[in-house]
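What follows is calculated from the coordinates using simple rules that are stated; it is not laboratory data. Note that this is a predicted model, so its numbers are computed, not measured. Neighbour counts are summed over all protein chains in view; Cβ atoms, including those assigned to glycine, are modelled from backbone coordinates with ideal geometry.
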Amino acid sequence: MPLPRHIAVIDIGKTNAKVVLIDSTTRQQVAARGTPNTVVREGLYPHADVERLWGFILESLKALQAEHGVDGISITTHGATAALMAGDALAMPVLDYEHAGPEASAAEYGVARPDFAETLSPLLPNGLNLGAQIFWQAQAHAAAFARVTAILTYPQYWAWRLTGVMASEVTSLGCHTDLWAPGRADFSSMVKAQGWVEKFPPVRPAASVLGSIVPAVAAATGLGVETPVTCGIHDSNASLLPHLGAHAAPFSIISTGTWTIAMTVGGDTGRLDPARDSLANVDAYGRAVPTARFMGGREFDALVPEIRTPSAGDIARVIESDIRVQPSFTPGVGPFPQAAGRWTADPAQLTAEERTAAASLYLALLTRACLELCGLGREIIVEGPLARNAPFGQALARLAGVTVSASGDATGTSLGASMLFGHGEGAAAAGVAVAPLDVPGFEAYARRWREQIA
């Protein structure tokens, strides 16, 4: 089929959701609409507000169709999320992965879950292992779970709502879920032991077209009933897709947003440490990609109430005064999951520029620590919001000692998802090389940061 010209990407992140229109010929963003991705606190447990998101998606598609025309739809979402279906309805709400409910069955789950060697998925808190969510839901809400006829990973849930076709897909099955064995390219032993295999629809490639939109969606949006929809992809892997085939391996991609995720294509999974939030993602072609991550966007927002661009003088003053942020402010995740976050100076006494500088250096130091786990590539490409943070990129370039480029794409995630049409790879736009940070004392500053992690 011909490549659609205007591709609407439904991009649901943990903090924000958006629908972005990408021109497939120029690979540029044409238009975008966004909304906060809110969590509903009432009911069985905290859960995604899927009906509000669905209304937002339909309204956005309708507006983009009227303004520019929409020729195809692709989908990308955050991981650790699934919809448990009872026929054509939800058997229970779509659980928020930050809910602590699964901790209630942690002991039993610890016995049931596969070894790290099988899944390359570490044991994570709350519901960050999708397998832990499903295990807890099956125990805590047994009557509702007994009605489950299908388990849909999150991108594929939205693909089903658009097309009526159910599918599974490896990038969402393979992102720290305990559900997938990358070495065998098959469901894990736990999925089989729990009797869940039959509840997962057939696995389809992320870049396959599931079908066309259903008539009700066409009527609500004005799109043609022939509008094709792809199977969909996990968001970190969407960021990765444009770079596959475009760089000599090993190379590292830093995908940023709520999470800062370091992925090294061609890296060695043997360095991964399950106790330090490092794992293997599974790329769109089913290959294991060594990965380490932390909640960079979440921490930055907490550390910097007012973001102000720091000058060279601000950065130098922070380093000279040894104003550091020590990890971590999100307990249980990241390369130092047991460390208690702290400032070495009173942040209330700092200017907004100094706080921004210190937090940016902190994220660079954490990112470098992640690259020790997933492997340091010959070059590093930064995607997403941190690509626009100059102190972060400069500090990372100094710490890593390899070329660091800031992606020029408005959002690598949406671009990558649009490339599911055409099975594209190797089409990443050239990034802007970042000059390493040249401030006296930074090496000693970084050394003290490492030595004082506690």
Exercise. What percent does the relative contact order of the chain come to when contacts are Cα pairs within less than 8 Å and at least six residues apart?
Worked result: 15
Exercise. Using Cα atoms only, what is the angle between the long axis of helix 154-163 and the major principal axis of the chain, expressed in degrees (0 to 90) to the nearest 10?
Worked result: 40
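When the helix-only estimate is applied to the chain (DSSP H runs of n ≥ 4, each -39,500 (n - 2.57), divided by the residue count), what is the mean residue ellipticity at 222 nm, nearest 500 deg cm²/dmol? Each step should come with its number before you reach the end.
Numbers: 16 runs with 144 residues, N = 454.
When only DSSP H runs of four or more count, the value is -9000 deg cm²/dmol.
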Exercise. Using the Cβ atoms and a cut-off under 15 Å, what net charge is assigned to the surroundings of Ala146, where Lys and Arg are +1 and Asp and Glu are -1?
Worked result: +1
Seminar exercise, completed: Residue-ordered couplings for region 185-200, obtained by feeding phi - 60° into the Karplus form 6.51 cos²θ - 1.76 cosθ + 1.60 and rounding to whole Hz (Gly and Pro as x), are 6, 8, 4, 6, 4, 5, 4, 6, 5, 7, x, 9, 3, 5, 7, 8
Seminar exercise, completed: Listing Ser189, Ser121, Ser328 by rising number of other beta-carbon atoms within 10 angstrom, fewest first, gives Ser189, Ser328, Ser121
Exercise. Considering amide H positions built from the backbone, and no H for Pro or chain starts, which residues 5 or more places from Ala150, or on another chain, come under 5 Å of its amide H?
Worked result: Met85, Gly87
Exercise. Quick one: Arg355, Arg388, fewest Cβ neighbours within 10 Å first, how do they rank?
Worked result: Arg388, Arg355
Problem set entry | Inter-site label distance for Thr344 and Asp322 at 7 Å from Cα along Cβ, in nm | 0.6
Exercise. When the convex hull of the C-alpha atoms of region 53-160 is computed, what volume per residue in Å³ does it have?
Worked result: 124
For this session: Could you name the lysines whose alpha carbon sits less than 24 Å from that of Lys14, not counting residues in the same chain fewer than 8 places away?
Result: Lys62
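Dipole size in debye (nearest 20) for region 237-451 around its Cα centre, Lys and Arg Cβ +1, Asp and Glu Cβ -1?
Numbers: 17 positive and 21 negative charges, 51 e Å.
Around 240 debye, computed over region 237-451.
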Seminar exercise, completed: Charge tally for neighbours of Val402 with beta carbon under 12 Å away, counting Lys, Arg as +1 and Asp, Glu as -1, is +2
Exercise. Just going by the charge dipole of the chain, with Lys and Arg at +1 and Asp and Glu at -1 on Cβ, which of Ala91, Leu303, Val39 is farthest out on the positive end?
Worked result: Ala91
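Within 14 Å, Cβ to Cβ, of Gly222, how many net charges do the neighbouring residues add up to if Lys/Arg are +1 and Asp/Glu are -1? Working shown, then result.
On the way: positive: Lys62; negative: Glu59, Glu67, Asp71, Glu226.
With Lys, Arg at +1 and Asp, Glu at -1, the net is -3.
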Seminar exercise, completed: per DSSP, antiparallel bridges as share of beta bridges in the chain, % nearest 5, sits at 75
Problem set entry | Residue-wise HN-Hα coupling along region 355-361, computed from phi with Karplus coefficients 6.51, -1.76, 1.60 (Hz; x: Gly, Pro) | 4, 4, 5, 5, 5, 5, 5
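Using the per-residue mean of other Cβ atoms lying within 10 Å as a proxy for protection, in what order, highest first, do the peptides 179-185, 441-447 fall? Mind showing how you got there, number by number?
Numbers: 179-185: 20.4, 441-447: 15.0.
Taking the mean over residues of other Cβ atoms within 10 Å, the ranking is 179-185, 441-447.
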Seminar exercise, completed: Taking 258-264, 54-60, 304-310 and ranking on average Cβ neighbours within 10 Å, highest first, one gets 258-264, 54-60, 304-310
Problem set entry | Sequence-distant lysines (8 or more away, or on other chains) whose Cα lies within less than 16 Å of Lys199 | none
